[in-house]
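S.K.: Take this structure first; my questions come after.
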Amino acid sequence: MRLPHEHLISQNLSAPLMRSINGIGLLNLIREHGPVSRASLAKLSNLSKPTVSSQVETLMQRGWVVELGRGESGSKGGKKPTMLTFNANAGRLFAVEIAAWHVRLAAADLEGNILARLALSIGNDRRAANVISLAKYGLEQLMSGHPCSADQRVISVAAPGRVDVVRGIVLQAGNVFNWQNVAIREELEAAFGTTVFVDNDVRMAALGEVQFGAARGEQDVVLVKLETGLGAAVINRGQLMLGSHWAAGEVAHMLLDHKNTSTDWSVRGYLESIVGADRILAAAQDAGSTAQTALEFLHTARNKTGPERDLFDYIATHLGIAIANLIVVNDPAMVVLQSALLGALEQELRAAVERLVPWETRIEISTIGDEAVLLGTIVAARRQAYEHIARLFENGGQQSTEFGMPVLTER
């Protein structure tokens, strides 16, 4: 990574924004090239030595960068340079994934390396108060094993349903949870006195896939996730699409049959009512299948005839059309199928896309599977920490009271 020369930046950007860009750029260079000297940073960044020294001092005051000692002298001899390295232990990232049957948690360092994990069963009580209480308990356990001050940590939460990212509120989570206006961010910030970021679980999965999985390095991606619920996430030019109602990717409500337009699908969308795991299993049993799970049905029905095969084709056709619609609307470089259920239909879904979309689009099965949401939640937490560092530079290095804040601002 090379930053533009500072005099070119200063022509177009304000001084605070210029400091922010340079500071984050230097931090990334230290992470990528460390241990590295200040002189080497000046060469790598095309910034002046005084600018590098000033920015590094701010990073060191915060603890994100530390000095390791003296390095080797250059070819011409002279004083040995002081080497700098990124301090991944300057804070902690705590990730919470709320799924249908469990709450999964992880503690990570600032590089995103997982230090500890915890999984807690939700049981049959999915009321918001119970699930949040469970998350608090899990966070307390992880924080006791990985202590740091409140201003040195970030909590990131992957929640079901439609999530207002700015306020950290689950506006609506149908089928399994039946939540409305659940203020997760407010609850956890009050409990732990630290910054909390909340987003939809499918969007978190997309972050995980782009950082660690099948879509690593891609800028234009659609991820489709199917379990009991159905959802999608869209990444366009490297940015997660949120929507004006926080509903970008709510493919569960896609209507594919004009004969059903008079039905109220507001609670559980048309498409999810057909392809959700519980609905697949119920329909399979009505068709005479002895399968005990939706996945078992999909694996066996392809080789059947009669009602079971008809149901298999019905499900595959609906999902194939939905994915094709997502492609023609968003034009991604890749579609990631993020569940075993979709993997069982890979052959049929590829065929549908080839038939319905007039250009080639890659379709890949997730390479990180069930880990995608939790890993993406850690990525989101790390982004919040970086946002804080950016604001430090914009404020001229003045300490703020919070480690991180939501990327978005009130609209």
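Bear in mind these aren't lab numbers, they're just calculated from the coordinates by the rules spelled out. Quick caveat, the model's predicted, so the values are computed rather than measured. Every residue, glycine as well, gets a Cβ built from its backbone with ideal geometry; the counts of neighbours run over all protein chains shown.
S.K.: Taking the convex hull of the Cα atoms, report for region 214-367 its projected area averaged over all directions, in nm².
M.R.: Mean projected area of the Cα convex hull: 9.6 nm².
S.K.: Considering only V163, I132, P35, whose Cα is most displaced toward the positive end of the charge dipole of the chain, charges sitting on Cβ of Lys, Arg (+1) and Asp, Glu (-1)?
M.R.: My answer, from the dipole projection, is P35.
S.K.: For the residues E250, E97, what sequence is obtained by ranking on other C-beta atoms within 10 Å, fewest first?
M.R.: The order, fewest Cβ neighbours first, is E250, E97.
S.K.: Once the dipole of region 214-367 is set up with Lys and Arg at +1 and Asp and Glu at -1 on Cβ about the Cα centre, which of T317, S289, G269 lies farthest towards its positive end?
M.R.: It is T317.
S.K.: Turning to a different aspect of this structure: Rounded to the nearest 5, what % of DSSP beta bridges with both residues in the chain are antiparallel?
M.R.: The answer is about 65 percent antiparallel.
S.K.: In debye, nearest 20: dipole of region 125-219 around its Cα centre with unit charges on the Cβ of K, R (+) and D, E (-)?
M.R.: It works out to roughly 120 debye.
S.K.: What is the order of Y270, Y137, fewest Cβ neighbours within 10 Å to most?
M.R.: The fewest-first ordering by Cβ neighbours comes to Y137, Y270.
S.K.: Between helix 128-145 and the chain, what is the angle of the helix's C-alpha long axis to the longest principal axis, kept within 0 to 90° and rounded to the nearest 10?
M.R.: Roughly 40 degrees between the two axes.
S.K.: Which residue, K136, K80, K49, tops the fluctuation ranking in a GNM of the chain built on C-alpha contacts under 10 Å?
M.R.: Evaluated over the chain, the most mobile residue of the options is K80.
S.K.: Now a separate question. Pick out which of N260, N175, N87 has the largest mean-square fluctuation in a Gaussian network model of the chain, springs linking Cα atoms closer than 10 Å.
M.R.: N260
S.K.: Turning to a different aspect of this structure: For a quick size check, give me the Cα extents of region 164-278 along its three principal axes, largest first, whole Å.
M.R.: Ordered largest first, region 164-278 gives principal extents of 50, 35, 27 Å.
S.K.: Another one. Please compute the net charge surrounding A135, taking Lys and Arg as +1 and Asp and Glu as -1 over other residues with Cβ under 11 Å from its Cβ.
M.R.: For residues surrounding A135, the net value is -1.
S.K.: Let me confirm the definition first: pairs of Lys residues in the chain, 8 or more apart or on different chains, C-alpha distance under 23 Å. How many are there?
M.R.: Lysine pairs, 8 or more places apart or on different chains, close enough: 6.
S.K.: Rounded to the nearest 20 Debye, what is the dipole magnitude of region 214-367 about its Cα centre when Lys and Arg each give +1 and Asp and Glu each give -1 at the C-beta?
M.R.: For region 214-367, the charge dipole is close to 100 debye.
S.K.: Counting other Cβ atoms within 10 Å, which chymotrypsin sites (Phe, Trp or Tyr not before Pro) in region 301-400 have at most 15 and lie in a DSSP loop?
M.R.: Those that pass, being in a loop and sparsely packed, are W359.
S.K.: Here's something else I'd like to know. Mind checking the log10 I(q)/I(0) for the chain at q = 0.07, 0.08, 0.09, 0.12 Å⁻¹? Debye, one equal scatterer per Cα, no solvent, two decimals.
M.R.: -0.39, -0.50, -0.62, -0.99
S.K.: A follow-up question, please. Apply the Karplus curve 6.51 cos²θ - 1.76 cosθ + 1.60, θ = phi - 60°, to the phi angles in region 191-205 and return the couplings in whole Hz, x for Gly and Pro.
M.R.: 6, 10, x, 9, 5, 10, 10, 10, 8, 5, 5, 6, 5, 4, 4
S.K.: At a 10 Å Cβ-Cβ cut-off, how would you order L44, L188, L171, fewest neighbours first?
M.R.: Ranking L44, L188, L171 by Cβ neighbours within 10 Å, fewest first, gives L171, L44, L188.
S.K.: Here is a further query. Can you tell me the mean projection area, over all orientations, of the convex hull of region 72-181's alpha carbons? Units nm², please.
M.R.: 10.0 nm²
S.K.: GluC sites (Glu not before Pro), restricted to region 312-361: which are DSSP loop and have at most 13 other Cβ atoms within 10 Å?
M.R.: Hits after loop and neighbour filter: E360.
S.K.: Now, a different point. Give me Rg over Rh for region 237-289, both radii from the alpha carbons and Rh done the Kirkwood way, two decimal places.
M.R.: Result: Rg/Rh = 1.11.
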